[in-house]
Amino acid sequence: MENKQKEAEYIFAKCLLDDLKPTDWTKNSWERLKDTYLQSKVSYEIWERYVKEEIETKEKEKLSPEEEPINLIWDKELAEYNIEEKEWLIEGLIPAGGIGVWTGKRGTYKTFLLMNAAYCIASGCDFLNKYKTKKGKIIYLDKENGIPIMKERSRMIKTGLGLDKADIGYICFSQLKIDKNMDIWKIEELIKEHKPAMLVIDTYRRAISFDENSAGDVSRLFVDILRPIVDKHWPLSIVLIHHDRKGGGQGDEMDEIRGSSDLANYCDFILKNQRKGKNIILKQLKNRNAAEVEPIGINVETDEIKFMKFTAGESKVMSYDEKCSEILLVWLAEHKIKQFNTKEAKEVAFSVGIKKNNFFNGLALLENQGIIEKTGHGLYDVINKEAQEDLV
């Protein structure tokens, strides 16, 4: 027991040191941490011992760096290499041992649909009544909503699935950051203890301390932190909830994901929610392990209070006309617009690459749906406030 305690203390010291800059490896750094819980976990002697050993190791590496052997695979060996059949948490969508992003614009039910997927995995039931799941526990790191909101949302999802309970553990409004060694150590301890099949990070932006546009930091997060965790705790998968940039266009949809493009490059899979009226379309923009599945139309049934149910429906891809109407609807909702003119709407649509013909067709769709009404030459009133509120 004593050895295990010393080992734990040593790990605390190591993680703490790794989160500091080399210039901070002093007793002054330790003094600044007196008010934290670490004071009772790590003695200064252990801290000092690790600092000395770390410095000595780094000095030796400078003099005689250890070279890792290069693993050269010849073509013949490559042809004969036996690849194990891929396992899936959700058939064709979320691989076991994968790291991915679930993205989309606001109001597209990202959190709700991912929670639905999580409860399907935790209970072993089919996702959308169609896609097989591999049963396993879920750890859900909630950075935005808090216990009261998560309680209501989980109740709605469970009611929609006909479940009473499931093996999902929530960490609500936590200060944990997935790019900090001390916090990763805590998360890994939970993973070791509970052995989850999936770790959900909601949201990616709030779980990192660096600028999301920094390619170098994104690379370090995936290569030095997340990938080693997944490899060490296979078949654990990690899913990051993220957001698309405002607007949208007619180009590569992966370019619409906020932040550095390296985020999409390092992911094993990318899933995207897209609104289509009151329902949604789930797209798989990337799948490193197999061919991307076709867009999945999803019917949404909810009273917004007691239940929310998702079922696979029509798999029709959204047209550019429909996409334009959704972009304009989001614009109206975000700015709580009651009246607007054609010029203002054009600026919004054209700024994200919507073409002239698609713009006027998209505007006509909003008229036909009874969301807007033309009141004069190039002038419109928003007459259906509920459509706006659905996206807020």
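The values are calculated or read from the model by the stated rules, or taken from the named source; none is laboratory data. On a predicted model such as this, the values are computed, not experimentally measured, just so you know. Counting neighbours? That spans all protein chains shown, and the Cβs are built from the backbone with ideal geometry, glycine included.
What to note about this one:
- Residue match in segment 109-121 (condition: assigned to a loop (DSSP other than H, G, I, E, B), surrounded by fewer than 19 Cβ atoms within 10 Å (Cβ to Cβ), in the same structural domain as R275 (by TED's automatic domain parsing) and within 22 Å of the chain's Cα centre (by Cα)): no
- Cβ-Cβ distances below 6 Å connect the following pairs, each with a first residue in segment 85-102 that is farther than 12 Å from S237 by Cα, a second residue that is part of a strand (DSSP E or B) and among the hydrophobic types (A, V, I, L, M, F, W, C), and a separation of six or more residues or different chains: W102/V239; W102/I241; W102/L271.
- Checking every residue in segment 265-280 against the condition of being in contact with a Gly (Cβ under 6 Å, 6 or more places away or on another chain), surrounded by 16 or more Cβ atoms within 10 Å (Cβ to Cβ) and free of Cβ contacts under 8 Å to residues at least 24 places away in the same chain gives zero matches.
- Considering segment 363-386, the residues that are in a loop (DSSP other than H, G, I, E, B) and of a type in the set (A, V, I, L, M) include one that is surrounded by the most Cβ atoms within 10 Å (Cβ to Cβ), namely I371.
- Checked across segment 298-311, the condition of being assigned to a helix (DSSP H, G or I), touching a Gly at 6+ places or on another chain (Cβ under 7 Å) and either at pLDDT 90 or above or assigned by TED's automatic domain parsing to the domain that holds V101 (or both) holds for no residue.
- Exactly one residue among M198, M156, M182, M150 is closer than 16 Å to I90 by Cα and assigned by TED's automatic domain parsing to the domain that holds I257, and that residue is M198.
- If you filter segment 213-224 down to residues that are in contact (Cβ under 8 Å) with a residue 12 or more places away in the chain and either of a type in the set (D, E, K, R) or surrounded by fewer than 15 Cβ atoms within 10 Å (Cβ to Cβ) (or both), you find that the one that is nearest to Y266 (Cα to Cα) is V223.
- Where helices (runs of 4 or more DSSP H) fall wholly inside segment 157-274, no range has 2 or more residues that are closer than 30 Å to M318 by Cα, β-branched (V, I, T) and modelled with pLDDT under 95.
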